[in-house]
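A quick write-up on the structure given underneath.
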Amino acid sequence: MSVARQCELLDINRSTLYYKPRTEGADNATLRRLIDEQYLETPFYGSRRMTEHLRDLGHQVNRKRVQRLMRQMGIEAIYPKKKRTTIRNPEHKIYPYLLRNVDVTRPNQAWAADITYVPQKQGFMYLVAIIDWFSRKVLAFSISNTMEASFCIETLKEALETHGKPEIFNTDQGSQFTDGDFTAVLKSAGVQISMDGRGRCQDNIFIERLWRSVKYEYIYLNAVEGGSNLRSGLSKYFEWYNQERPHQGLGYRKPDEVYYEGLLNQAVA
């Protein structure tokens with residue numbers, strides 16, 4: 001039976017048999033990595049300054065292209081912004097920031113979550129992580145090739161099932177965290193919901209430091225390709241991060257050490 005006849009019987013266009021999906025050019029992957037590295041150093045860089053930075057490195061790019069890449073990566077310049085008069089997602093409730101001037105003194109008093117972009121040779125992934133504010137321990141993480149709320153919800157459920165519940169859960173105002181299904185999980189667990197002020201990276205400073213660590217200590221040092229390989233590598237990294245990596249902010253102790261010692265002290269008290 002001829003190819004034309006087979007296509008006719010299957011009701012498909014013959015040209016689809018010869019279509020080969022286009023892979024992302026190496027140039028875009030390189031630009032994304034450079035943008036990501038610079039954003040860790042200067043999160044206040046918008047598309048104008050990022051464009052100039054890339055041009056200084058010898059890349060012939062225009063601002064429109066940089067804007068598109070930054071939008072795909074889910075990043076934007078961090079700076080104080082005027083209150084918007086139009087609400088982009090009117091069905092999404094924004095909660096107040098509850099950790100200002102709060103002294104976090106014990107495990108599970110406050111957790112924080114965020115999403116970051118992870119560059120790969122061909123394309124990119126997104127990483128979500130949940131940490132304990134007091135000990136810096138990574139409680140759960142997940143990766144996805146989209147920024148839908150579902151993978152954040154599953155990560156939250158995993159953290160709650162494994163480590164109990166926090167008193168306060170803090171995120172930014174991203175749509176994944178303001179999603180009704182996400183906040184419903186927190187409400188049903190009796191957790192207070194806290195969200196950063198718009199454009200205030202300092203409100204979630206500890207997880208911002210986590211992103212810097214994981215990228216400079218693992219992502220940029222290993223050419224990991226594929227979701228399963230990335231997941232396996234991150235699992236090993238976070239195990240090392242929790243159990244062996246000393247933190248200056250913890251008096252050079254390890255997150256697991258601080259977390260479980262804190263739980264024991266609470267139980268004894």
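The stretch between Tyr252 and Arg231, if pulled fully straight at 0.36 nm per residue, gains 4.8 nm over its current Cα-Cα span.
Going down the list Lys64/Lys236; Lys157/Lys215; Lys93/Lys236, which pairs span over 31 Å between their C-alpha atoms? In this structure, Lys64/Lys236; Lys93/Lys236 lie more than 31 Å apart at Cα.
Exposure check, 1.4 Å probe, all protein chains in place: Thr105 carries approximately 70 Å² of accessible surface. Taking the accessible area of the stretch 144-185, probe 1.4 Å, and keeping the other protein chains in place, the carbon and sulfur fraction comes to 44%.
Straight-line cross-link partners of Lys187 among the aspartates and glutamates, defined as a Cα under 14 Å from its Cα and at least 8 positions apart when in the same chain: Glu167, Asp179.
Each part reduced to its alpha carbon centroid, the stretch 143-213 and the stretch 244-266 end up 22 Å apart. FRET efficiency for Thr146 and Asn265, Cβ-Cβ distance as r, R0 = 45 Å, nearest 0.05? Result of the calculation: an efficiency of 0.65.
Rolling a 1.4 Å probe across all protein chains gives Val268 an accessible area of roughly 120 Å².
The values are calculated or read from the model by the stated rules, or taken from the named source; none is laboratory data. Quantities reported herein were computed from a predicted structural model and do not represent experimental measurements. Note that we place each Cβ from the backbone using ideal geometry, even for glycine, and neighbour counts take in every protein chain shown. Protein only, heavy atoms only, side chains kept; ligands, DNA and RNA dropped before computing areas. Shrake-Rupley method; radii C 1.70, N 1.55, O 1.52, S 1.80 Å.
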